[in-house]
Amino acid sequence: MRKLLIGLVALIGLAAVVVVGGYFALKRPDIPLATLEQKYATPDSKFIELPDGVRMHYRDSGNADGPVVVLVHGFSSALVDWEPWTERLGDRYRMARMDLPGHGLTNAPAGYRATIEQYVKEVDAFAEALQLQHFTIVGNSMGGNVAWEYALAHPERVQALVLVDASGWEETRAGLDKDPPIFKILRNPVLGPIMAQLDSTKLIRQGLENSVADPAFVTDDLVTRFADFARAPGHRDILLQMTLGFRERRYASNEVLAPIHVPTLILQGEQDKLVPPDHARKFAAAIAGSELVTWADEGHMPMLEHPDRSALAVGSFLDRVHARLQPATVTQEP
């Protein structure tokens, strides 16, 4: 018996060594912001210090005299998502996009607390800094949640609203158990903080492949960009905050959204596995006079997967808004 116990303890000790060794083998350090800026900043990149200590990376390009469009990216992503639309719409619109704290090349101060409400404040501080008085606000995924909350908080600024596979409705799917593994792990209060420090490249690839209609769209460069930005100093902590606070935000409802009266366009991919397509229809029903466009072969990020047709839909909507025409009630594209 004594030998058996000694052997069992030895096996447990060996397993612990393997686990700890594996953790340190997979643990990845932060990537200095200077290194990331050298790799990902462009001639259009600018930085601004906001009142709360956030050093925000942004790009403000396109037609400087055109109507302003403010674009808000989704969770764990960055402003680069909007470059395809900027290329296609910048001839007639001023396209202002930022990296939210915890994302891209934006640096947040130590102890920063990330919430949807705080991100609304950051967008408003950005608008103040750039002296943007009136604009259309566009948001994808989590950025869509920020966009509709911004429209409620600052109706005096918002000329129109565009929600792109936007989040915000309470998740009632049995399908939460079908979410990409990286989201399920990060939402675990024990595993999340550990996982955030490890090499998550494979899980990021799986998450991206689950986000799009055609997994072949997910290139090595795209995966590397997501993984690199997640390793900026402080970013993993903020992303983990947002993930663990998944259910601690105000949810969309007919009553909450009723005060939105600006022209609103809702875009949704029917192959979206992150935001249920039914949520887009809920937005359309809750926001009076809104226009809904869905695509049967589209995933979570139409501005990246099919930039031509999604930019065409947004451009047509914005042209009508600024020509003071009434948007259609509902449209459906194949």
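Got at least one residue in region 242-251 being at pLDDT 95 or above and either over 30 Å from G102 (Cβ atoms) or not aromatic (F, W, Y) (or both)?
Residues of region 242-251 that are at pLDDT 95 or above, as a first pass: 251.
Then drop every residue that is not either over 30 Å from G102 (Cβ atoms) or not aromatic (F, W, Y) (or both), which leaves none.
No, because not a single residue in region 242-251 is at pLDDT 95 or above and either over 30 Å from G102 (Cβ atoms) or not aromatic (F, W, Y) (or both).
How many residues does region 55-108 contain that are under 17 Å from A230 (Cα atoms) and assigned to a loop (DSSP other than H, G, I, E, B)?
Let us first name the residues in region 55-108 that are under 17 Å from A230 (Cα atoms), namely 55-57, 73-81, 98-108.
Narrowing further to those that are assigned to a loop (DSSP other than H, G, I, E, B): 73-78, 99-106, 108.
Result for region 55-108: 15.
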Take the residues in region 295-311 that are among the small types (G, A, S) and in a helix (DSSP H, G or I); name whichever of them is farthest from F217 (Cα to Cα). A311
Starting from residues that are surrounded by 21 or more Cβ atoms within 10 Å (Cβ to Cβ) and hydroxyl-bearing (S, T, Y), keep the ones in region 197-240 and report whichever is farthest from the chain's Cα centre (by Cα). S200
Taking region 284-306 and keeping only residues that are surrounded by fewer than 18 Cβ atoms within 10 Å (Cβ to Cβ) and either in contact (Cβ under 8 Å) with a residue 40 or more places away in the chain or at positive phi (or both), one is left with G289, D297
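For region 125-145, name all the residues that are of a type in the set (G, A, S) and in a loop (DSSP other than H, G, I, E, B). I'd like the intermediate steps shown before the answer.
Initial filter on region 125-145 (of a type in the set (G, A, S)): 125, 127, 129, 139, 141, 143-144.
The one that is of a type in the set (G, A, S) and in a loop (DSSP other than H, G, I, E, B): S141.
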Run down Y150, Y93 and say which single residue is modelled with pLDDT of 95 or more, closer than 15 Å to R250 by Cα and hydroxyl-bearing (S, T, Y). Y150
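Just give me the residues in region 215-264 being assigned to a helix (DSSP H, G or I) and small (G, A, S), in sequence order. Reasoning before the result, please.
The first filter runs over region 215-264 and keeps only residues assigned to a helix (DSSP H, G or I), leaving 215-217, 220-230, 235-244, 254-257.
Across region 215-264, the qualifying residues are A216, A227, A230.
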Which number in (1) part of a helix (DSSP H, G or I); (2) surrounded by 16 or more Cβ atoms within 10 Å (Cβ to Cβ) marks the one condition that R281 misses? (2)
Of (1) under 18 Å from A166 (Cβ atoms); (2) touching a strand residue (DSSP E or B) at 6+ places or on another chain (Cβ under 9 Å), L274 satisfies all except one. Which? (2)
Return the only residue of S61, S45 being touching a helix residue (DSSP H, G or I) at 6+ places or on another chain (Cβ under 7 Å) and of a type in the set (S, T, N, Q). S61
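With the structure loaded, tell me whether E122 is of a type in the set (D, E) and either over 27 Å from Q38 (Cβ atoms) or assigned to a strand (DSSP E or B) (or both) or whether it fails that test. Lay out the reasoning, then the answer.
On the way: of a type in the set (D, E): yes; either over 27 Å from Q38 (Cβ atoms) or assigned to a strand (DSSP E or B) (or both): no.
Judged against the criteria, E122 is not a match.
The values are calculated or read from the model by the stated rules, or taken from the named source; none is laboratory data. Every value quoted in this text rests on a predicted model; they were computed, and no experiment measured them. When we count neighbours, we look across all protein chains shown, and the Cβ atoms used for this are built from the backbone with ideal geometry, even at glycine.
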